[in-house]
Amino acid sequence: MDIAVTTRPVRPADRTLFYRLWPRLSPETIYRRFHAPVHRLPDETVRRLVTVDHDLREAVVAVVGGEVVGVARYDRPSEDPSTAEIAVLVEDAWQGAGVGRQLLASLTDLAARRGVRTFTATVQPDNRPVLGLVRRLLPGSTVTPDADVLTVTSPLPPEPVSASPRADSLLATATI
């Protein structure tokens, strides 16, 4: 059975969908994303996730059947907009199905068009799926131990890294 996963920029109206996503995340997934046990989704966090300027702050969501199943975002400082910190979160039931790859590819394409040349991320050392995703999608990444986490630095390729058939668009759909 093929299931269509649409990737699109986040909208403020997605706020409700983020609240509905939260109970579908395991404590481990939450810990890997926030690097701390978070027991409830703070309103300020949701507001920050859905309020982006689509330039210095961007987020894309993966949507299946009207529900958000994943999100990837970047934040870049105004003093150095060529570098962006990224984060990816995929609902447990969709992990390993290519959703993270599709999200990261969409985010990378948007970032590259806006002049981002380097991504950085903080990853837990045992998060092999994310480290593998970064290595496959962003070859040339370096991983540096930093306290209890790893800092990943990835140069963005000059060409899109898309995992979807409509990479030239802000809206991408892939069949998984």
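The table below lists the values:
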read-out	value
Volume per residue that the Cα convex hull of the chain spans, once the total is divided by residue count, Å³	116
Debye, to nearest 20: dipole size of the chain, +1 on Lys, Arg Cβ, -1 on Asp, Glu Cβ	260
DSSP bridge orientation in the chain - percent antiparallel, rounded to nearest 5	90
Percentage relative contact order, the chain, counting C-alpha pairs under 8 Å, at least six apart	25
The chain: calculated mean residue ellipticity at 222 nm from DSSP helix runs of at least 4, using -39500 (n - 2.57)	-8000 deg cm²/dmol
Cut-off 13 Å between beta-carbons: net charge of the residues surrounding VAL52, Lys and Arg +1, Asp and Glu -1	+4
Size of electric dipole in segment 73-134: Cβ of Lys, Arg +1 and of Asp, Glu -1, about Cα centre, debye, nearest 20	260
Principal axes of segment 27-129: Cα extent on each, largest first, Å	35, 30, 25
Three-way shape call for segment 1-42 based on the alpha-carbon gyration tensor, with the a/c threshold at 1.5	oblate
Residue exposure sequence - ASP53, ASP43 - by fewest surrounding Cβ within 10 Å	ASP53, ASP43
Interchain or long-range residues, amide H under 5 Å from LEU150's placed H	VAL123, GLN124
Label-point separation in nm, THR16 to THR153, each point 7 Å along Cα→Cβ	4.5
Label point at SER26 placed 7 Å out along Cα→Cβ; residues across segment 104-129 whose backbone nitrogen lies under 19 Å	123-129
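Laboratory data are not the source of any read-out in this text; all were calculated from the coordinates shown. All values derive from a computational prediction rather than experimental measurement. All Cβ positions, glycine included, derive from the backbone under ideal geometry; neighbour counts span all protein chains shown.
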